[in-house]
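The block underneath contains the structure these notes are about, expressed in structure tokens.
Values in this text are rule-based calculations from the coordinates and carry no lab data. Nothing here was measured: the structure is a model prediction, and the numbers come from that model. Every residue, glycine among them, receives a Cβ derived from its backbone with ideal geometry; neighbour counts consider all protein chains shown.
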Amino acid sequence: MMIIPFSNIKLQLNPLRLCVKNQSSDLREEALAHYRELLESMSRLGIKLLCYNFMVGTGWARTGVREGCGGAKATYFSLRDLSTGLTGLSGLSDTANNPVNLVNPVKKHNLIISHDQVWANYEYFIKSVMPTSEKCGVRMGLHPDDPCLDSLGGYARIFGSIEAYDRAYSIYPSPSNAVTFCQANFKLMFSDDPSQTADLNSSAGSASSRLCVKNNPTETLCGVARHFGKRIAFIHVRDVEGDKTDFTELFHDQGDTDQFELMRTYREIGLDVPVRGDHVPEMEGDRKLVEDAIPGYFNMGRLFANGYLKALLKGTGN
């Protein structure tokens, strides 16, 4: 495994166009053609991994900041804030250019796009682009919904369970149809709020019920990692506290997840994939270092995260 030095190399791609996710216009085929061209261009440049998501309506979402360890500003998500109309990320050093926006919440029974529609659109998408992905040798690592709720802003969300990932793989079984293992999101899939647990998760004998080790997020995540195995193409190291309806992002060594044990599990599986530190709180002085930093991506916290990850890698064997 290797740490990606994002401070030196940075590739930022535009999100997958909405017309692909919600089939809202005749532009879908044009967008898919551009996506296939992107995969071909990546291959020519030697970029063999694409991290993507299939979140409709909005990408990853946070609703504010809370005081964290040592007075740091930690981003959080609260469904209650959405229900009262509070959106945005007040309290960060640079909120004017904050790209993490939220659409207006709509009740579940009044969904703009249903789960069946999103699944149909995902199947059309993956069958359209995966042959090119295979031909070009570019693995596509699917990132979980963040937050992994059943719906958000009136749009159904489908990638918030282990079963959903297995279903996605069954649509197009291929090593190129891979997983971005974002630890915090998979951890939150097993949070104890039954009102937000997808039906698939609660069925007897399901993968989620078999993998869940009550009150032990480390064992649960290790089990999920073994379940996916070599399907994992990218690892995002992050930790949170709370449940999927209300959680706060932490420093990498702060939560109740044993990151060392997880790293040992990745090596046990035989993974040789990129791993990076994910969202971090904002520390004193970060505003001076980078004025336009987006939430979770501050220099000082990420410097700490990279050092912590290097120690984990060395401690578990290079």
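Before moving on, here are some points about what is shown:
- Between the beta carbons of ALA120 and GLU37, assuming R0 = 22 Å, the FRET efficiency works out to 0.35 to the nearest 0.05.
- Filter on LYS73/LYS310; LYS48/LYS214; LYS127/LYS314 - keep pairs with C-alpha separation over 31 Å: LYS48/LYS214; LYS127/LYS314
- Per-peptide average of other Cβ atoms within 10 Å, ordering 39-48, 152-161, 304-313 highest first: 152-161, 304-313, 39-48
- Annotation for ARG267 and ARG226: the two label points, set 7 Å from Cα along the Cα-Cβ direction, are 1.8 nm apart.
- For the peptides 130-137, 56-63, the ranking by packing is 56-63, 130-137, with the highest mean count of neighbouring Cβ atoms within 10 Å listed first.
- Residues THR180, THR265, sorted so that the one with the fewest Cβ neighbours within 10 Å comes first: THR265, THR180
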